[in-house]
Amino acid sequence: MTIPIFAMAALLCGPSDPVPAASVQPGASVQPATAPAASSAAETDNLRQLLTLRRVYVDRFSGGETAAQLRDMVINGLQSSKLFTITENQEKADAILRGSGEDLVFNETHSSSDSLNVHSSLGTSQTVEDTALRGGTRSEDRATRSVGLGAGDSESSHSVERRHEANAAVRLVSKDGDVIWSTTQESLGGKFRGASADVADKITKRLLEDYERAKKLQH
């Protein structure tokens, strides 16, 4: 009896034989599966939302009395940037700028002390024994000499430096309560401006940079 060819092949291949993998056509490239970065997608979406803002309300900053002055400087910076219309009516705003800040003036004390001490000593001892023939008496002379030298020097310094430091953390919040932009800035004061003014300027510059990034995403 003649056994069909496909029956013989079934007998030769046992149940434990692996199933051959799907063949890849020559010249075809296999692309690895990559999951999109959720954080990058969220950041891109937030940047695009910046372009939709027209009116922004700047809420009161927390952080004490100096925070109110810092808020006014941030308002002036945003107004000068001409990115949005700064409104005092929260109901008409597309987003709210919230945050906290403080402007601190404090004294920083520096103290240092250096000292150097050198001591040196030298001692000699001499004994002279002499036996006199007169009357069988014995005489003995002893001499001891010592020299000491010491030197010391010390130097100390004390200084008090007045320091000025300001910092602020702000965020843009949409009407739905989503944070679409945020930044934290600090400064010890610029060459021609105070610490608070420098912080407000850094916040405005950072917002301008991110706004330009959002415009490039549209192209």
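Cross-link partners of K191 among lysines, defined as those whose alpha carbon lies under 20 angstrom from its own and excluding same-chain residues fewer than eight positions apart: K202, K205.
Stretching R60 away from K175 to a fully extended chain increases their span by 39.7 nm, per 0.36 nm per residue minus the current alpha-carbon distance. Per-peptide packing, taken as the mean over residues of other Cβ atoms within 10 Å, places 200-206, 178-184 in the sequence 200-206, 178-184 from highest down.
These residues, E209, E88, E65, go from largest to smallest accessible area, 1.4 Å probe, as E65, E88, E209. The label point for F192 and the one for L217, both projected 7 Å from the Cα toward the Cβ, are 3.5 nm apart. Using 1/(1 + (r/R0)^6) with R0 = 22 angstrom and r between the beta carbons of I75 and D45, what's the FRET efficiency to the nearest 0.05? The calculated FRET efficiency here is 0.25.
The values are calculated or read from the model by the stated rules, or taken from the named source; none is laboratory data. Quick caveat: nothing in here was measured; it's all calculated off a predicted structure. Because the Cβ atoms are built from the backbone with ideal geometry, glycine has one as well, and the counts that use them run over all protein chains shown. These area figures cover heavy atoms from the full protein model, side chains too; ligands, DNA and RNA do not enter into them. Shrake-Rupley method; radii C 1.70, N 1.55, O 1.52, S 1.80 Å.
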